[in-house]
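Just dropping this structure here.
The values are calculated or read from the model by the stated rules, or taken from the named source; none is laboratory data. The structure displayed is predicted, hence computed values, not measured ones. Positions of Cβ are generated from backbone atoms using ideal geometry, with glycine treated the same way; all protein chains shown enter the neighbour counts. The accessibility values were calculated without ligands, DNA or RNA, using every heavy atom of the protein model including side chains. Shrake-Rupley method; radii C 1.70, N 1.55, O 1.52, S 1.80 Å.
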Amino acid sequence: MNLEKKTDKEFTVLNLTDPQLGVEEWAEDAQNRKILEYTIKELVKRTSPDLITVSGDLAWAGHDYAYDMLADFLDSFKIPWAPVWGNHDNQKGEEYIRSVAARYKEHPYCVYDDGPAELGNGNYLLKIKDQDNTVCALFMLDTHDREPYINDEGEEKSAWGKLRQNQIEWVENLCGELKNEGCSDALIIQHIPIYGFRLASAAAYKDTTDHKALTVAQSMGTECWNVGYEDSIGVQHEGVASYPADEGALDMLKRAGLVSHIVVGHDHINNWMIRYEGIKMIYALKTGAGCYWEANLNGGTVLKIGNNGITEVYHEYVDTTDI
């Protein structure tokens, strides 16, 4: 799918993550619906996006009405929107996701694509084009729900999902094709963080950081960051809930040399941005009160794309105190 960028204007991507309301929360007078709708309306008004992306956990698996209400609401802005699935979306299996996706593809502004069936659901590529030039590519990836994991005692356990080997190879091959056609920058949007987020967090934050007490304002300084990571920002109020072993995604990205940013959701009260091993790893800002949240970490994440790729990334906070 190609999306057109105006030559004299940056292309704006507004990312929402983990809206995750259930059927009851979409009732007309439900407080969480009011918070979510107000938040997204404010974000659209402030940022005037060219594309809205949703990095997973759109609702709760089985809550068909909630999925349909969110899709209708996003369509109402008349702006292209593109989702990826989260672990909660995937909890009823691939056939359920396909049934939701079939309805989503009937929405005129939804640019979702099923992608190769062997990779899961919704692994697809969006190209931002300025005339005939691809100025940036967006990989929309499915991190599934749970995956088997062998712990140190040799026991098989269930762990958070990950990018599987065939997905990693698919991204690497497409990176080569994109570079051959002159594209010089790419972005990944997925739900569950890659293992590299654990490495980035461990490298960037000082060991003395009190994560529970750290505020966003404090993270804008340098006191909590190790040398070389002073341009990082954001908080980590819960652990990095990735698959517990290295799936190989970061090594592939370094090898492929095209993807400069990766945006994830999943961990609702983390919102840090850390450049690690040449990749800017970004926890998207949680959108709304669904499932759990911290009210002061509410809003969306904005990415600006110029003629040579991504030029700026920032969180746009929305105060819902008076809602």
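For the condition open to solvent by 10 Å² or more (accessible area, probe 1.4 Å), out of contact with any helix residue (DSSP H, G or I) (no Cβ under 7 Å at 6 or more places or on another chain) and closer than 27 Å to L58 by Cβ, what is the one hit in Y283, Y243? Walk me through it before giving the result.
On the way: Y283 fails: open to solvent by 10 Å² or more (accessible area, probe 1.4 Å).
The match here is Y243.
Can you pull out the residues in the stretch 93-114 that are free of Cβ contacts under 8 Å to residues at least 24 places away in the same chain and either in contact with a Gly (Cβ under 9 Å, 6 or more places away or on another chain) or on the phi > 0 side of the Ramachandran plot (or both)?
G93, A101, D114
Taking the condition closer than 17 Å to L187 by Cα, in contact with a Lys or Arg (Cβ under 7 Å, 6 or more places away or on another chain), open to solvent by less than 10 Å² (accessible area, probe 1.4 Å) and at pLDDT 95 or above, does M273 pass? Steps first, answer last, please.
On the way: closer than 17 Å to L187 by Cα: yes; in contact with a Lys or Arg (Cβ under 7 Å, 6 or more places away or on another chain): yes; open to solvent by less than 10 Å² (accessible area, probe 1.4 Å): yes; at pLDDT 95 or above: yes.
Here the answer is yes, as M273 does meet what is asked.
For every residue, the table says whether it meets (1) touching a residue at least 60 places away in the same chain (Cβ under 8 Å); (2) not in a strand (DSSP E or B).
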position: E247; (1), (2): yes, yes
position: K254; (1), (2): no, yes
position: V263; (1), (2): yes, no
position: H268; (1), (2): yes, yes
position: I282; (1), (2): no, no
position: Y292; (1), (2): no, yes
position: N296; (1), (2): yes, yes
position: K304; (1), (2): yes, no
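Please work out if I150 is over 14 Å from the mean Cα position of the chain (by Cα) and open to solvent by less than 10 Å² (accessible area, probe 1.4 Å).
Numbers: over 14 Å from the mean Cα position of the chain (by Cα): yes; open to solvent by less than 10 Å² (accessible area, probe 1.4 Å): no.
Here the answer is no, as I150 does not meet what is asked.
Residue by residue through the stretch 306-323, note down the ones that are touching a Gly at 6+ places or on another chain (Cβ under 9 Å), outside any loop (DSSP other than H, G, I, E, B) and of a type outside the set (D, E, K, R).
H315, Y317
Now for a separate question. Give me a count of the residues in the stretch 145-198 that are part of a helix (DSSP H, G or I), free of Cβ contacts under 8 Å to residues at least 24 places away in the same chain and not acidic (D, E).
2
From the residues in the stretch 153-179 that are touching a strand residue (DSSP E or B) at 6+ places or on another chain (Cβ under 7 Å) and within 19 Å of G257 (Cβ to Cβ), which one is most open to solvent (accessible area, probe 1.4 Å)?
The initial filter retains those residues of the stretch 153-179 that are touching a strand residue (DSSP E or B) at 6+ places or on another chain (Cβ under 7 Å), namely 156-162, 171, 174-175, 178.
Filter once more, keeping what is within 19 Å of G257 (Cβ to Cβ): 171, 174-175, 178.
Values: V171: 2, L174: 29, C175: 1, L178: 4 Å².
Top of the filtered list is L174.
Residue by residue, here is whether (1) more than 21 Å from M69 (Cβ to Cβ); (2) out of contact with any helix residue (DSSP H, G or I) (no Cβ under 6 Å at 6 or more places or on another chain); (3) open to solvent by less than 10 Å² (accessible area, probe 1.4 Å); (4) among the charged types (D, E, K, R) holds:
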| residue | (1), (2), (3), (4) |
| --- | --- |
| E4 | yes, yes, no, yes |
| E10 | yes, yes, no, yes |
| L16 | no, yes, yes, no |
| E24 | no, yes, no, yes |
| E37 | no, yes, no, yes |
| I40 | no, yes, yes, no |
| R46 | yes, yes, no, yes |
| D50 | yes, yes, no, yes |
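What are the residues in the stretch 247-275 that are of a type in the set (A, V, I, L, M) and more than 13 Å from I194 (Cα to Cα), if any? If you could, list the steps in order and put the result at the bottom.
If we filter the stretch 247-275 for residues that are of a type in the set (A, V, I, L, M), which is where we start, we get 249-250, 252-253, 256, 258-259, 262-264, 269, 273-274.
Within the stretch 247-275, A256, L258, V259, I269, M273, I274 meet the criteria.
While we're looking at this one, here's another question. Of the numbered conditions (1) over 21 Å from G86 (Cβ atoms); (2) in contact with a strand residue (DSSP E or B) (Cβ under 6 Å, 6 or more places away or on another chain); (3) among the hydrophobic types (A, V, I, L, M, F, W, C), V302 satisfies every one except a single condition; which is it?
Checking V302 against (1) over 21 Å from G86 (Cβ atoms); (2) in contact with a strand residue (DSSP E or B) (Cβ under 6 Å, 6 or more places away or on another chain); (3) among the hydrophobic types (A, V, I, L, M, F, W, C), the one that fails is (1).
Considering each residue of the stretch 69-126, count those that are more than 20 Å from the chain's Cα centre (by Cα), within 22 Å of L14 (Cα to Cα) and either among the polar types (S, T, N, Q) or outside any loop (DSSP other than H, G, I, E, B) (or both), and give that number.
Looking only at that region, the number is 3.
Does the stretch 41-63 contain any residue that is more than 16 Å from Y292 (Cα to Cα), at pLDDT below 95, out of contact with any strand residue (DSSP E or B) (no Cβ under 7 Å at 6 or more places or on another chain) and assigned to a loop (DSSP other than H, G, I, E, B)?
Within the stretch 41-63, not a single residue is more than 16 Å from Y292 (Cα to Cα), at pLDDT below 95, out of contact with any strand residue (DSSP E or B) (no Cβ under 7 Å at 6 or more places or on another chain) and assigned to a loop (DSSP other than H, G, I, E, B).
Further question: Is one or more of the residues making up the stretch 301-320 acidic (D, E) and buried (at least 18 other Cβ atoms within 10 Å of the Cβ)? Reasoning before the result, please.
Within the stretch 301-320, the first condition is being acidic (D, E), and the residues that meet it are 312, 316, 319.
Keeping just the survivors that are buried (at least 18 other Cβ atoms within 10 Å of the Cβ) gives none.
Within the stretch 301-320, not a single residue is acidic (D, E) and buried (at least 18 other Cβ atoms within 10 Å of the Cβ).
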